[in-house]
């Protein structure tokens, strides 16, 4: 299978199983593009996730686009993005029809409750993956001993400032960028 077709199929499958949204999909994308196909390194994947979070638009779409560009340029970006999005559109159209028809069904409501629980688990997994990637450069929990504790302290301080004083997130990002630049440049 050609690389472009493989890219489209992979992101179609990722989009098909992306219950829970952008953050829930990160471990699935990582498993495919870093571990299974080795299209990008763990470091590149971490950089792509960071850029995807700062770029306007849905995280899954941005990540698909950036990975597609890394792998096969503009055609790769188009196919990865299309593959990721078309499955969600198809599922949404199907579910809309289903819920219109069975919106009072107790079984459908129970299925939704199960999907909510699964989504929460995927989001928590994504949050842990992002934290591990940020502090260790890998998503392997056993690598916690190699964590960048300076980055962890900066994270905790910024988290505290955001929660305690409801500071502007952009100002906190700029401030932590300056603090990180000074610390990592001097030490």
ask   = What number of residues within region 40-66 satisfy the criterion of being touching a residue at least 24 places away in the same chain (Cβ under 8 Å) and over 12 Å from the mean Cα position of the chain (by Cα)?
value = 4
Lone unmet requirement of (1) closer than 21 Å to residue 136 by Cβ; (2) in contact with a helix residue (DSSP H, G or I) (Cβ under 7 Å, 6 or more places away or on another chain); (3) at pLDDT below 90 for residue 18 = (1)
task = Please find, among 61, 153, 172, 85, the residue that is crowded, with 16+ Cβ neighbours inside 10 Å, assigned to a helix (DSSP H, G or I) and not assigned by TED's automatic domain parsing to the domain that holds residue 14.
result = 172
query = Within the set of pairs 6 or more residues apart or between chains, which connect a residue that is on the phi > 0 side of the Ramachandran plot inside region 19-39 to a residue that is assigned to a loop (DSSP other than H, G, I, E, B) and surrounded by 15 or more Cβ atoms within 10 Å (Cβ to Cβ) with Cβ atoms less than 9 Å apart?
reply = 21/58
key: residue 126 vs. criteria assigned by TED's automatic domain parsing to the domain that holds residue 22, in contact (Cβ under 8 Å) with a residue 60 or more places away in the chain and either loosely packed, with under 11 Cβ neighbours inside 10 Å or under 22 Å from residue 14 (Cα atoms) (or both)   = yes
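The values are calculated or read from the model by the stated rules, or taken from the named source; none is laboratory data. None of the values given here were measured: they were computed from a predicted structure. Cβ atoms come from the backbone with ideal geometry, glycine included; neighbour counts cover every protein chain shown.
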